[in-house]
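> Okay, here's the structure, questions in a sec.
The values are calculated or read from the model by the stated rules, or taken from the named source; none is laboratory data. Note that this is a predicted model, so its numbers are computed, not measured. For accessibility, only protein heavy atoms count, side chains too; no ligands or nucleic acids. Shrake-Rupley method; radii C 1.70, N 1.55, O 1.52, S 1.80 Å.
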Amino acid sequence: MTEYCNCVSHSYPQTVFLLDPVTGQSIDPSLELLGSLNELHGMLEIVGLKYDESSRSPVRASSTNPIKVEKYQWDKSLLSDETLRRICELVILDYYLLDFEPPAACLDQVTSNIASIGDVSL
């Protein structure tokens with residue numbers, strides 16, 4: 001029997017969560033700053049908070065948790081180029097608006113879509 005996950009929200013592009021929860025038509029007006037967790041130290045400084053380096057884990061906990069590692073193994077090499085292109089179509093907004101690097105299988109697709117919007121280069 002196949003297991004199904006009721007986790008639709010995990011399949012949405014991340015940019016969907018930036019939309020106004022009332023209208024869904026524009027960026028949520030309560031958002032004043034957007035950044036990557038890779039830039040957390042600098043982002044906290046921007047808003048006047050001190051970053052405690054001692055609280056930083058050198059490795060994401062989910063990548064070392066034995067249960068998650070066993071149950072949720074991920075190896076992109078197991079995905080066909082066609083599957084990667086279909087995933088890229090689904091989350092293409094994230095490539096447009098966030099600094100996410102698309103997989104090689106769909107780099108041309110994302111680049112040409114962005115170029116068709118305007119004079120934009122990756």
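> Let me confirm something: among SER63, SER80, SER26, which residue is more than 16 Å from the chain's Cα centre (by Cα), at pLDDT 85 or above and open to solvent by less than 70 Å² (accessible area, probe 1.4 Å)?
SER80
> Another question about this same structure. I'd like to verify a number: residues in the stretch 1-12 that are open to solvent by less than 100 Å² (accessible area, probe 1.4 Å) and either modelled with pLDDT of 80 or more or among the charged types (D, E, K, R) (or both), how many?
0
Residues are listed down the side, and each one gets a yes or a no for (1) part of a helix (DSSP H, G or I); (2) at pLDDT below 85:
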| residue | (1), (2) |
| --- | --- |
| ILE67 | yes, yes |
| ARG85 | yes, no |
| TYR96 | yes, yes |
| PHE100 | no, yes |
| LEU107 | yes, no |
| ALA115 | yes, yes |
| VAL120 | no, yes |
